[in-house]
1. Suppose we keep only residues that are touching a residue at least 60 places away in the same chain (Cβ under 8 Å) and assigned to a strand (DSSP E or B) within the stretch 86-96. Which one would you say is surrounded by the fewest Cβ atoms within 10 Å (Cβ to Cβ)?
2. Do the conditions hold for Ile110, that is, is it modelled with pLDDT of 95 or more, among the aliphatic types (A, V, I, L, M), in contact with a Leu (Cβ under 6 Å, 6 or more places away or on another chain) and within 30 Å of Ile24 (Cα to Cα)?
3. Hey, among the residues in the stretch 29-79 that are part of a helix (DSSP H, G or I) and touching a residue at least 24 places away in the same chain (Cβ under 8 Å), which one's farthest from Thr105 (Cα to Cα)?
4. Just to verify a result, which residue in the stretch 159-181, among those that are hydroxyl-bearing (Ser, Thr, Tyr) and either touching a Cys at 6+ places or on another chain (Cβ under 9 Å) or buried (at least 19 other Cβ atoms within 10 Å of the Cβ) (or both), is nearest to Tyr41 (Cα to Cα)?
5. Kindly indicate whether any position in the stretch 47-65 is touching a Leu at 6+ places or on another chain (Cβ under 8 Å), polar (S, T, N, Q), modelled with pLDDT of 90 or more and within 24 Å of Gln150 (Cα to Cα).
6. Of Gly43, Gly23, which residue is more than 23 Å from the chain's Cα centre (by Cα) and of a type outside the set (D, E, K, R)?
7. What is the number of the single condition among (1) over 12 Å from the mean Cα position of the chain (by Cα); (2) under 15 Å from Tyr165 (Cα atoms) that Gly107 does not meet?
8. Give me the pairs, please: first residue somewhere in the stretch 1-27 and within 18 Å of His166 (Cβ to Cβ) and free of Cβ contacts under 8 Å to residues at least 40 places away in the same chain, second residue anywhere and surrounded by 10 or more Cβ atoms within 10 Å (Cβ to Cβ) and among the charged types (D, E, K, R), beta-carbon distance under 8 Å, and either six or more positions apart or on two chains.
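The values are calculated or read from the model by the stated rules, or taken from the named source; none is laboratory data. In this text the structure is predicted, and so the values were computed from the model without any measurement. For neighbour counting, all protein chains shown are included, and Cβ atoms are generated from backbone atoms with ideal geometry for every residue, glycine included.
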Amino acid sequence: MAVREITYEERDMMYDQAFKKMGIERKHPSREELEKEIIDYLGKKQPCTLATSGKDGWPRVSVVDYVNDGLTLYIFSEGGDKFKNLKENNRVGIGIGTGSKALMTRGINIWGIADVFDDETPEFAQGMHIISPIIKDMEKAAGGSVKIPQGILRLIRVVPARMVYHHTSKGIKHAVWEAVS
(Lines give C-alpha, C1' and ligand atoms only; values in the text may rest on other atoms or scores of the structure.)
Protein backbone atom coordinates (compact mmCIF):
# COMPACT_ATOMS: atom_id res chain seq x y z
CA MET A 1 0.00 0.00 0.00
CA ALA A 2 1.31 3.44 -0.91
CA VAL A 3 2.01 5.91 1.87
CA ARG A 4 -0.28 8.96 1.83
CA GLU A 5 -1.15 11.91 4.00
CA ILE A 6 -4.10 11.65 6.36
CA THR A 7 -7.01 13.95 5.55
CA TYR A 8 -8.51 16.30 8.13
CA GLU A 9 -11.72 14.29 7.99
CA GLU A 10 -9.86 11.03 8.66
CA ARG A 11 -7.94 12.64 11.52
CA ASP A 12 -11.15 13.93 13.12
CA MET A 13 -12.82 10.54 12.77
CA MET A 14 -9.79 8.85 14.35
CA TYR A 15 -9.81 11.32 17.27
CA ASP A 16 -13.57 10.95 17.74
CA GLN A 17 -13.21 7.15 17.95
CA ALA A 18 -10.28 7.36 20.38
CA PHE A 19 -12.07 9.81 22.69
CA LYS A 20 -15.20 7.66 22.64
CA LYS A 21 -13.17 4.60 23.67
CA MET A 22 -11.49 6.62 26.45
CA GLY A 23 -14.84 7.86 27.72
CA ILE A 24 -13.96 11.51 27.09
CA GLU A 25 -16.36 13.87 25.34
CA ARG A 26 -14.65 15.40 22.29
CA LYS A 27 -14.93 19.17 22.35
CA HIS A 28 -14.71 21.69 19.53
CA PRO A 29 -14.25 25.02 21.35
CA SER A 30 -15.46 28.28 19.84
CA ARG A 31 -12.82 30.81 18.84
CA GLU A 32 -13.32 32.68 22.14
CA GLU A 33 -13.14 29.47 24.21
CA LEU A 34 -10.04 28.35 22.32
CA GLU A 35 -8.29 31.70 22.88
CA LYS A 36 -9.01 31.44 26.63
CA GLU A 37 -7.62 27.88 26.68
CA ILE A 38 -4.49 28.94 24.79
CA ILE A 39 -3.86 32.01 26.98
CA ASP A 40 -4.27 29.85 30.09
CA TYR A 41 -1.76 27.33 28.76
CA LEU A 42 0.75 29.97 27.64
CA GLY A 43 0.55 31.50 31.12
CA LYS A 44 1.94 28.29 32.63
CA LYS A 45 5.38 29.09 31.11
CA GLN A 46 6.30 25.63 29.84
CA PRO A 47 9.57 25.13 27.93
CA CYS A 48 9.31 26.74 24.52
CA THR A 49 11.10 25.69 21.35
CA LEU A 50 11.60 28.42 18.74
CA ALA A 51 12.35 27.35 15.16
CA THR A 52 13.86 29.78 12.68
CA SER A 53 15.24 29.33 9.18
CA GLY A 54 17.46 31.58 7.12
CA LYS A 55 18.05 31.85 3.39
CA ASP A 56 20.01 28.60 3.36
CA GLY A 57 16.88 26.72 4.45
CA TRP A 58 18.53 24.99 7.42
CA PRO A 59 16.33 25.13 10.49
CA ARG A 60 17.64 26.39 13.82
CA VAL A 61 15.88 25.27 16.97
CA SER A 62 16.36 27.10 20.26
CA VAL A 63 14.86 26.28 23.65
CA VAL A 64 13.95 29.65 25.13
CA ASP A 65 11.97 31.23 27.94
CA TYR A 66 8.99 33.36 27.02
CA VAL A 67 6.26 35.50 28.50
CA ASN A 68 2.91 35.94 26.83
CA ASP A 69 0.74 39.01 26.60
CA GLY A 70 -2.50 37.43 25.47
CA LEU A 71 -1.65 35.39 22.38
CA THR A 72 1.57 37.32 21.65
CA LEU A 73 4.84 35.81 22.88
CA TYR A 74 7.93 37.74 23.99
CA ILE A 75 11.34 36.06 24.04
CA PHE A 76 14.59 37.72 25.01
CA SER A 77 18.07 36.57 24.11
CA GLU A 78 21.59 37.88 24.07
CA GLY A 79 22.38 36.55 20.61
CA GLY A 80 22.88 33.49 18.48
CA ASP A 81 22.22 32.34 14.94
CA LYS A 82 18.46 32.73 15.42
CA PHE A 83 18.92 36.48 14.95
CA LYS A 84 20.79 35.99 11.65
CA ASN A 85 17.93 33.77 10.52
CA LEU A 86 15.29 36.27 11.66
CA LYS A 87 16.94 39.01 9.57
CA GLU A 88 16.60 36.78 6.52
CA ASN A 89 13.20 35.25 7.30
CA ASN A 90 10.88 36.46 10.05
CA ARG A 91 8.51 33.47 9.85
CA VAL A 92 8.89 31.23 12.89
CA GLY A 93 7.50 28.08 14.41
CA ILE A 94 7.06 27.49 18.12
CA GLY A 95 6.31 24.30 19.97
CA ILE A 96 5.26 24.11 23.61
CA GLY A 97 4.17 20.81 25.06
CA THR A 98 3.69 18.83 28.22
CA GLY A 99 2.90 15.20 28.84
CA SER A 100 3.87 12.16 26.88
CA LYS A 101 0.92 9.87 27.49
CA ALA A 102 -2.30 9.92 25.47
CA LEU A 103 -4.47 11.28 28.28
CA MET A 104 -1.88 13.72 29.57
CA THR A 105 -0.87 15.54 26.37
CA ARG A 106 -1.32 19.29 26.35
CA GLY A 107 0.46 21.54 23.94
CA ILE A 108 0.45 24.04 21.15
CA ASN A 109 2.15 24.58 17.81
CA ILE A 110 2.40 28.18 16.71
CA TRP A 111 3.30 29.65 13.33
CA GLY A 112 3.88 33.36 13.42
CA ILE A 113 5.74 36.48 12.43
CA ALA A 114 8.66 37.59 14.58
CA ASP A 115 9.91 41.12 15.06
CA VAL A 116 13.23 41.79 16.77
CA PHE A 117 13.80 44.86 18.94
CA ASP A 118 16.95 46.18 20.58
CA ASP A 119 17.41 48.55 23.49
CA GLU A 120 17.10 51.59 21.21
CA THR A 121 13.47 50.89 20.28
CA PRO A 122 10.33 51.79 22.30
CA GLU A 123 9.01 48.25 21.78
CA PHE A 124 12.05 46.91 23.64
CA ALA A 125 11.19 48.82 26.83
CA GLN A 126 7.56 47.69 26.63
CA GLY A 127 8.62 44.08 26.04
CA MET A 128 11.17 44.16 28.85
CA HIS A 129 8.42 45.26 31.21
CA ILE A 130 6.33 42.28 30.09
CA ILE A 131 9.27 39.87 30.38
CA SER A 132 10.43 41.16 33.78
CA PRO A 133 9.20 38.01 35.64
CA ILE A 134 11.83 35.93 33.78
CA ILE A 135 14.58 38.40 34.69
CA LYS A 136 13.44 38.30 38.33
CA ASP A 137 13.60 34.48 38.24
CA MET A 138 17.14 34.67 36.82
CA GLU A 139 18.20 37.09 39.55
CA LYS A 140 16.65 34.89 42.24
CA ALA A 141 18.47 31.82 40.88
CA ALA A 142 21.75 33.79 40.68
CA GLY A 143 21.37 35.11 44.22
CA GLY A 144 21.23 38.77 43.21
CA SER A 145 20.92 41.19 40.32
CA VAL A 146 22.35 40.15 36.98
CA LYS A 147 24.32 42.79 35.06
CA ILE A 148 23.48 42.56 31.39
CA PRO A 149 25.92 44.53 29.20
CA GLN A 150 24.27 47.37 27.28
CA GLY A 151 23.46 46.62 23.66
CA ILE A 152 23.59 42.81 23.64
CA LEU A 153 20.06 41.94 24.68
CA ARG A 154 17.36 41.68 22.04
CA LEU A 155 13.67 41.01 22.30
CA ILE A 156 11.69 38.84 19.90
CA ARG A 157 7.96 39.46 19.65
CA VAL A 158 6.00 36.67 17.97
CA VAL A 159 2.52 37.45 16.71
CA PRO A 160 0.73 34.22 15.84
CA ALA A 161 -0.78 33.62 12.41
CA ARG A 162 -1.92 30.04 13.08
CA MET A 163 -2.03 27.80 16.15
CA VAL A 164 -3.00 24.18 16.75
CA TYR A 165 -3.88 23.34 20.35
CA HIS A 166 -4.30 20.02 22.17
CA HIS A 167 -5.60 19.31 25.68
CA THR A 168 -6.45 15.64 25.53
CA SER A 169 -7.83 15.20 29.04
CA LYS A 170 -10.39 17.97 28.30
CA GLY A 171 -11.37 16.40 24.98
CA ILE A 172 -9.63 19.03 22.84
CA LYS A 173 -7.51 17.67 20.00
CA HIS A 174 -6.18 19.53 16.98
CA ALA A 175 -8.16 22.72 17.64
CA VAL A 176 -7.09 25.25 15.00
CA TRP A 177 -6.90 29.01 15.55
CA GLU A 178 -6.06 31.37 12.69
CA ALA A 179 -5.52 35.11 12.72
CA VAL A 180 -8.28 37.17 11.20
CA SER A 181 -7.06 39.10 8.18
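1. Kept after step one, since they are touching a residue at least 60 places away in the same chain (Cβ under 8 Å), are these residues of the stretch 86-96: 86, 92, 94.
When the remaining residues are screened for being assigned to a strand (DSSP E or B), the result is 92, 94.
Working: Val92: 23, Ile94: 21.
Top of the filtered list is Ile94.
2. Numbers: modelled with pLDDT of 95 or more: yes; among the aliphatic types (A, V, I, L, M): yes; in contact with a Leu (Cβ under 6 Å, 6 or more places away or on another chain): no; within 30 Å of Ile24 (Cα to Cα): yes.
No: the conditions fail for Ile110.
3. Within the stretch 29-79, the first condition is being part of a helix (DSSP H, G or I), and the residues that meet it are 31-42.
Going one step further and asking which of them are touching a residue at least 24 places away in the same chain (Cβ under 8 Å), we end up with 31, 34-35, 37-39, 41-42.
Working: Arg31: 21, Leu34: 16, Glu35: 18, Glu37: 14, Ile38: 14, Ile39: 17, Tyr41: 12, Leu42: 15 Å.
It comes out as Arg31.
4. Start the filter on the stretch 159-181 by keeping residues that are hydroxyl-bearing (Ser, Thr, Tyr), which leaves 165, 168-169, 181.
Cutting the leftovers down to either touching a Cys at 6+ places or on another chain (Cβ under 9 Å) or buried (at least 19 other Cβ atoms within 10 Å of the Cβ) (or both) gives us 165, 168.
Working: Tyr165: 10, Thr168: 13 Å.
My answer is Tyr165.
5. yes
6. Gly23
7. Failing condition for Gly107: (1).
8. Matching pairs, first to second residue: Asp16/Arg26; Lys20/Arg26.
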